[in-house]
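A short worksheet on the structure shown next.
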Amino acid sequence: QVQLVESGGGLVQPGGSLRLSCAASGFAFSRNAMRWYRQAPGKARELVAAISSGGSTNYADSVLGRFTIFRDNVKNMVDLQMNSLKPEDTAVYYCKTEWMGKAYWGQGTQVTVSS
């Protein structure tokens, strides 16, 4: 079955960096687009970054130039490198993919940006 497992979250000071990882299994990873979403308390879940099967990337305006999404088709992983973090980046971050017409989400990893 499809599984997505996020890791790498934590507490970081403003201006700091974190790298999130999503380990994927149960589907043809190299053929699938992968996405990172986040959800802050009291707010709707929002798309942060996406990477196509061919490696094309897209970012939310709020993270453009600070976040980078990577994929490793050998390890079946998609990472999100987050630099210059701001308090407003505080959220639970989720990995998402779609396979056979169904959406799959990871359990999420908490990122807290605070001094």
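Using Cα pairs under 8 angstrom and six or more residues apart, how large is the relative contact order of segment 1-58, in percent? Intermediate values should be presented prior to the final figure.
Numbers: 72 pairs, mean separation 14.9, N = 58.
In percent, rounded to a whole number, it is 26.
Provide THR97, THR57 ordered by accessible surface of protein heavy atoms (probe 1.4 Å), highest first.
Details: THR97 0, THR57 60 Å².
The ordering from most to least exposed comes out as THR57, THR97.
What list of ³J(HN,Hα) couplings, whole Hz, do you get for segment 23-37 from phi and the Karplus terms 6.51, -1.76, 1.60, once you set θ to phi - 60° and write x for glycine and proline?
8, 10, 7, x, 7, 7, 3, 5, 9, 10, 5, 10, 9, 10, 10
I want the local charge near TYR37. Using Cβ-Cβ distances under 11 Å, sum +1 for each Lys or Arg and -1 for each Asp or Glu among the other residues. Write down the numbers at each step before the final one.
Numbers: positive: ARG35, ARG38, ARG45, LYS96; negative: GLU6, GLU46.
Charge balance near TYR37 sits at +2.
From the Cα gyration tensor of segment 41-91, with a ≥ b ≥ c the square roots of its eigenvalues, which class applies: rounded if a/c is under 1.5, or else prolate if a/b is larger than b/c, or else oblate? Numbers along the way, then the final one.
On the way: a/c = 1.99, a/b = 1.85, b/c = 1.07.
Since a/c reaches 1.5 and a/b is larger than b/c, the shape of segment 41-91 is classed as prolate.
What are the principal axis extents of the Cα atoms in segment 9-115, in Å, biggest first?
Principal-axis extents of the Cα atoms in segment 9-115, largest first: 41, 25, 22 Å.
Dipole magnitude of the chain about its Cα centre, charges +1 at Lys/Arg Cβ and -1 at Asp/Glu Cβ only, in debye to the nearest 20? Kindly include the intermediate steps, with their values, before the conclusion.
Working: 12 positive and 8 negative charges, 31 e Å.
Here the chain has a charge dipole of around 160 debye.
Using only alpha carbon pairs under 8 Å that are at least six residues apart, calculate the relative contact order of the chain and give it in whole percent. Could you put the intermediate results ahead of the total?
Numbers: 279 pairs, mean separation 41.8, N = 115.
Value for the chain: 36 percent.
The values are calculated or read from the model by the stated rules, or taken from the named source; none is laboratory data. Note that the structure is predicted; figures quoted are calculated from it, not measured. Glycine also receives a Cβ, built like all others from the backbone with ideal geometry; neighbour counts cover every protein chain displayed. Remember, those area values only see protein heavy atoms, side chains included, never the ligands or the DNA or RNA. Shrake-Rupley method; radii C 1.70, N 1.55, O 1.52, S 1.80 Å.
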